[in-house]
Amino acid sequence: MRARFDAILFDCDGVLVDSEPVTCGVLAQMLRELGADITDEQTIERFVGKTVREETATIEAMIGGPIPDHWYPQFLQRRDAALAASVTAVPGIAELIQTVRAAGFAHAVASGADRGKMRVTLGRTGLLEHLMPHVYGADQVERSKPHPDVYLLAARSLGIAPNRCLVVEDTPTGTRAGVAAGATVLGFCARMEPRKLLAAGASMVFDDMAQLRQLLAH
């Protein structure tokens with residue numbers, strides 16, 4: 001594996017931190033407050049891997065009218081408070097990062113989230129200090145996932161060609177972004193149907209970070 005790749009680029013939500021149930025729980029509650037008939041599970045299915053700001057039309061169709069001006073800032077505030085109180089690291093990810101560093105892989109985070117959110121989630125879980133300074137978010141690029149921009153930014157910042165990068169993703173949207181960047185994508189399917197990641201272009205899927213540690217050792 002070391003001979004084929006020089007860098008590993010991690011998505012954040014769902015790969016480094018188990019944040020998606022927390023975020024989608026807040027989103028579902030706030031959508032219901034607007035009158036939407038939606039469960040937490042349906043919210044995860046519909047919104048994971050997408051940015052809420054870019055789903056305005058979807059939300060307005062659900063509630064039958066425009067989103068109030070104050071709604072999105074309140075969502076960010078309530079989301080960050082919930083994450084700061086309860087987000088946890090994905091099981092096995094700290095050990096995987098240690099393996100990546102020991103093996104000499106360059107590494108970075110390339111997220112569809114903004115850096116402010118990652119400071120909350122990576123900070124609470126103790127991962128931030130092991131990943132800085134190469135933490136890149138959607139607030140730094142013109143187009144968010146499924147466009148490749150944030151992965152191209154991360155690869156360029158590391159000084160490594162995208163085709164020498166291994167991307168770890170957990171959503172079809174992010175997988176398409178990694179493929180579009182020219183990287184090889186491995187799909188983490190602990191909370192996602194494997195077939196969806198494979199259909200989006202993942203080269204293989206795995207459901208336990210220990211499996212990736214073993215793969216990197218070869």
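Each value in this text was obtained by applying a stated rule to the coordinates, not by laboratory testing. Everything numeric here is computed off the predicted structure, so don't read it as measured data. Neighbour counts run over all protein chains shown; Cβ positions are idealised from the backbone, glycine included.
Looking only at Val141, Val185, Val17, which one moves most when the chain is put into a Gaussian network model with springs between Cα atoms under 10 Å?
Per the Cα network of the chain with a 10 Å cutoff, Val141 tops the list.
Modelling each spin label as a point 7 Å along the Cα-to-Cβ direction, I'd like the Gln98/Ala81 distance in nm, to one decimal.
Result for the modelled spin labels: 3.6 nm.
If the only charges are +1 at each Lys and Arg Cβ and -1 at each Asp and Glu Cβ, what is the size of the charge dipole of the stretch 20-86 around the Cα centre, to the nearest 20 debye? Intermediate results must be reported in sequence, preceding the final value.
On the way: 6 positive and 11 negative charges, 28 e Å.
For the stretch 20-86, the charge dipole is close to 140 debye.
How tilted is helix 20-33 with respect to the longest principal axis of the chain? Cα atoms for both, answer in degrees (0 to 90, nearest 10).
10
Would you calculate, for the chain, the mean residue ellipticity at 222 nm contributed by helices, counting each DSSP H stretch of 4 or more residues as -39,500 (n - 2.57) and dividing by all residues, to the nearest 500?
Details: 11 runs with 106 residues, N = 218.
Mean residue ellipticity at 222 nm (helix-derived): -14000 deg cm²/dmol.
Could you calculate the contour length gain from Ser203 to His134, that is, 0.36 nm times the residue separation minus the distance between their Cα atoms, to one decimal place in nm? Before the final figure, lay out the partial values.
Numbers: separation 69, 0.36 × 69 = 24.84 nm, distance 2.45 nm.
Value of the extension gain: 22.4 nm.
If a paramagnetic tag sat 7 Å from the Cα of Glu142 along the Cα-Cβ line, which residues of the stretch 52-66 would have the backbone N under 19 Å from that point?
54
Restricting attention to the alpha-carbon atoms of the stretch 55-120, what are Rg (one decimal) and Dmax (integer), both in Å?
Expressed in Å, the Cα Rg and Dmax of the stretch 55-120 come to 17.5, 53.
Return one number: the angle in degrees, 0 to 90 and rounded to the nearest 10, between the long axis of the Cα atoms of helix 172-181 and the longest principal axis of the Cα atoms of the chain.
The helix 172-181 is inclined about 50 degrees to the chain.
Between Glu45 and Asp69, what is 0.36 nm times their sequence separation minus the Cα-Cα distance? Round to one decimal in nm.
Fully extending the segment from Glu45 to Asp69 adds 6.1 nm.
How large is the charge dipole for the stretch 1-123, taken about the Cα centre, if only the Cβ atoms of Lys, Arg (+1) and Asp, Glu (-1) carry charge, to the nearest 20 debye?
Numbers: 12 positive and 17 negative charges, 108 e Å.
For this selection, approximately 520 debye.
Starting from the Cα of Arg164, step 7 Å toward the Cβ, then list every residue of the stretch 90-109 with an amide N under 15 Å from that point.
Those under the cut-off are 104-108.
Rounded to the nearest 20 debye, what is the charge dipole size of the chain about its Cα centre when +1 sits on each Lys and Arg Cβ and -1 on each Asp and Glu Cβ?
The calculated dipole for the chain is roughly 680 debye.
Any chance you could give the angle, 0 to 90 degrees and rounded to 10, that helix 93-102 forms with the longest Cα principal axis of the chain?
Orientation of helix 93-102: about 30 degrees from the principal axis.
Positive end of the dipole of the stretch 20-86, charges at C-beta (+1 Lys, Arg; -1 Asp, Glu), about the Cα centre: which of Phe47, Val22, Ala61 has its Cα farthest in that direction?
Value computed over the given set: Val22.
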